[in-house]
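Q: Mind having a look at this structure? Questions to follow.
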(Lines give C-alpha, C1' and ligand atoms only; values in the text may rest on other atoms or scores of the structure.)
Protein backbone atom coordinates (compact mmCIF):
# COMPACT_ATOMS: atom_id res chain seq x y z
CA UNK A 1 0.00 0.00 0.00
CA UNK A 2 1.47 3.35 -0.96
CA UNK A 3 1.95 6.21 1.47
CA UNK A 4 -0.93 8.31 0.13
CA UNK A 5 -3.46 5.52 0.64
CA UNK A 6 -2.09 4.87 4.14
CA UNK A 7 -2.51 8.56 4.86
CA UNK A 8 -6.13 8.42 3.68
CA UNK A 9 -6.88 5.26 5.65
CA UNK A 10 -5.50 6.80 8.85
CA UNK A 11 -7.29 10.10 8.26
CA UNK A 12 -10.56 8.20 7.92
CA UNK A 13 -9.83 6.24 11.13
CA UNK A 14 -9.25 9.46 13.04
CA UNK A 15 -12.41 11.07 11.65
CA UNK A 16 -14.51 8.06 12.60
CA UNK A 17 -12.91 7.98 16.05
CA UNK A 18 -14.18 11.55 16.53
CA UNK A 19 -17.67 10.50 15.48
CA UNK A 20 -17.75 12.75 12.43
CA UNK A 21 -18.80 12.11 8.85
CA UNK A 22 -16.75 13.58 5.99
CA UNK A 23 -18.97 16.64 5.63
CA UNK A 24 -18.79 17.45 9.36
CA UNK A 25 -15.02 17.01 9.55
CA UNK A 26 -14.51 19.07 6.40
CA UNK A 27 -16.75 21.87 7.68
CA UNK A 28 -15.02 22.01 11.08
CA UNK A 29 -11.66 22.36 9.31
CA UNK A 30 -12.91 24.79 6.66
CA UNK A 31 -12.75 22.49 3.60
CA UNK A 32 -15.25 20.99 1.19
CA UNK A 33 -16.52 17.46 1.67
CA UNK A 34 -15.25 16.67 -1.82
CA UNK A 35 -11.69 17.66 -0.88
CA UNK A 36 -11.88 15.62 2.32
CA UNK A 37 -13.05 12.62 0.31
CA UNK A 38 -10.07 12.95 -2.05
CA UNK A 39 -7.70 12.94 0.92
CA UNK A 40 -9.30 9.82 2.40
CA UNK A 41 -9.22 8.04 -0.98
CA UNK A 42 -5.54 8.90 -1.37
CA UNK A 43 -6.12 10.99 -4.48
CA UNK A 44 -4.52 14.07 -2.97
CA UNK A 45 -2.46 15.15 0.07
CA UNK A 46 -3.18 18.29 2.10
CA UNK A 47 -0.55 20.96 2.69
CA UNK A 48 1.09 21.27 6.10
CA UNK A 49 -1.08 24.33 6.77
CA UNK A 50 -4.19 22.24 6.17
CA UNK A 51 -2.83 19.47 8.39
CA UNK A 52 -2.64 21.96 11.25
CA UNK A 53 -6.38 22.55 10.97
CA UNK A 54 -6.91 18.79 11.43
CA UNK A 55 -5.20 18.93 14.81
CA UNK A 56 -7.58 21.67 15.93
CA UNK A 57 -10.49 19.20 15.83
CA UNK A 58 -8.56 16.46 17.63
CA UNK A 59 -7.01 14.47 14.79
CA UNK A 60 -3.63 12.95 15.71
CA UNK A 61 -1.47 14.30 12.87
CA UNK A 62 1.57 12.21 13.80
CA UNK A 63 -0.54 9.08 13.44
CA UNK A 64 -2.08 10.18 10.13
CA UNK A 65 1.31 11.12 8.66
CA UNK A 66 3.61 8.46 10.11
CA UNK A 67 1.46 5.76 11.68
CA UNK A 68 2.59 6.46 15.23
CA UNK A 69 0.57 7.99 17.99
CA UNK A 70 1.69 11.32 19.41
CA UNK A 71 3.39 11.26 22.81
CA UNK A 72 0.58 13.16 24.48
CA UNK A 73 -1.98 10.59 23.36
CA UNK A 74 0.02 7.79 25.01
CA UNK A 75 0.70 9.47 28.35
CA UNK A 76 -1.61 8.08 31.07
CA UNK A 77 -0.96 11.09 33.29
CA UNK A 78 -2.56 13.23 30.60
CA UNK A 79 -5.86 11.31 30.48
CA UNK A 80 -8.96 13.48 30.54
CA UNK A 81 -11.54 13.53 33.31
CA UNK A 82 -15.19 12.89 32.47
CA UNK A 83 -15.87 16.62 32.76
CA UNK A 84 -13.00 17.45 30.38
CA UNK A 85 -14.18 14.82 27.88
CA UNK A 86 -17.70 16.27 27.95
CA UNK A 87 -16.39 19.80 27.43
CA UNK A 88 -14.16 18.67 24.56
CA UNK A 89 -17.02 16.79 22.88
CA UNK A 90 -19.22 19.89 23.07
CA UNK A 91 -16.39 22.13 21.87
CA UNK A 92 -15.80 19.93 18.81
CA UNK A 93 -19.44 20.30 17.81
CA UNK A 94 -19.25 24.10 17.71
CA UNK A 95 -18.56 26.12 14.59
CA UNK A 96 -15.30 28.03 14.35
CA UNK A 97 -16.86 31.36 15.41
CA UNK A 98 -18.39 29.84 18.52
CA UNK A 99 -15.12 28.06 19.33
CA UNK A 100 -13.30 31.39 19.20
CA UNK A 101 -15.91 33.00 21.47
CA UNK A 102 -15.63 30.14 23.94
CA UNK A 103 -11.82 30.28 23.95
CA UNK A 104 -11.93 34.06 24.49
CA UNK A 105 -14.39 33.63 27.36
CA UNK A 106 -12.23 30.94 28.98
CA UNK A 107 -9.18 33.21 28.73
CA UNK A 108 -11.19 36.07 30.27
CA UNK A 109 -12.35 33.84 33.17
CA UNK A 110 -8.78 32.76 33.80
CA UNK A 111 -7.62 36.38 34.04
CA UNK A 112 -10.48 37.17 36.46
CA UNK A 113 -9.62 34.16 38.65
CA UNK A 114 -5.91 35.05 38.71
CA UNK A 115 -6.71 38.64 39.69
CA UNK A 116 -8.99 37.40 42.48
CA UNK A 117 -6.28 35.03 43.75
CA UNK A 118 -3.71 37.81 43.66
CA UNK A 119 -6.04 40.15 45.56
CA UNK A 120 -6.71 37.48 48.19
CA UNK A 121 -2.98 36.86 48.52
CA UNK A 122 -2.32 40.56 49.10
CA UNK A 123 -5.09 40.81 51.70
CA UNK A 124 -4.01 37.72 53.64
CA UNK A 125 -0.32 38.62 53.43
CA UNK A 126 -0.74 42.31 53.98
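Q: Out of (1) in contact with a helix residue (DSSP H, G or I) (Cβ under 9 Å, 6 or more places away or on another chain); (2) at pLDDT 90 or above; (3) on the phi < 0 side of the Ramachandran plot; (4) surrounded by fewer than 16 Cβ atoms within 10 Å (Cβ to Cβ), what's the single condition that is false for residue 8?
A: Here residue 8 meets the rest and fails (4).
Q: Another question, if that's okay. Please work out if residue 2 is modelled with pLDDT of 95 or more, out of contact with any strand residue (DSSP E or B) (no Cβ under 6 Å at 6 or more places or on another chain), more than 16 Å from residue 94 (Cα to Cα) and surrounded by fewer than 17 Cβ atoms within 10 Å (Cβ to Cβ).
A: no
Q: If the requirement is being surrounded by 14 or more Cβ atoms within 10 Å (Cβ to Cβ), modelled with pLDDT of 85 or more and over 18 Å from residue 5 (Cα atoms), which of these qualifies: 57, 61?
A: Exactly one of 57, 61 is surrounded by 14 or more Cβ atoms within 10 Å (Cβ to Cβ), modelled with pLDDT of 85 or more and over 18 Å from residue 5 (Cα atoms), namely 57.
Q: Then there is this: Checking the structure you have, find out if any residue of the range 15-26 is touching a residue at least 40 places away in the same chain (Cβ under 8 Å) and over 17 Å from the mean Cα position of the chain (by Cα).
A: Taking every residue of the range 15-26 in turn, none turns out to be touching a residue at least 40 places away in the same chain (Cβ under 8 Å) and over 17 Å from the mean Cα position of the chain (by Cα).
Q: Which residue, of 123, 111, is assigned to a helix (DSSP H, G or I) and at pLDDT 85 or above?
A: 111 is the lone residue from the list that is assigned to a helix (DSSP H, G or I) and at pLDDT 85 or above.
Q: Do we find a residue being exposed (fewer than 14 other Cβ atoms within 10 Å of the Cβ) and within 25 Å of residue 86 (Cβ to Cβ) anywhere in the range 31-53?
A: Looking for residues that are exposed (fewer than 14 other Cβ atoms within 10 Å of the Cβ) and within 25 Å of residue 86 (Cβ to Cβ), one finds none in the range 31-53, hence no.
The values are calculated or read from the model by the stated rules, or taken from the named source; none is laboratory data. The structure displayed is predicted, hence computed values, not measured ones. Note that we place each Cβ from the backbone using ideal geometry, even for glycine, and neighbour counts take in every protein chain shown.
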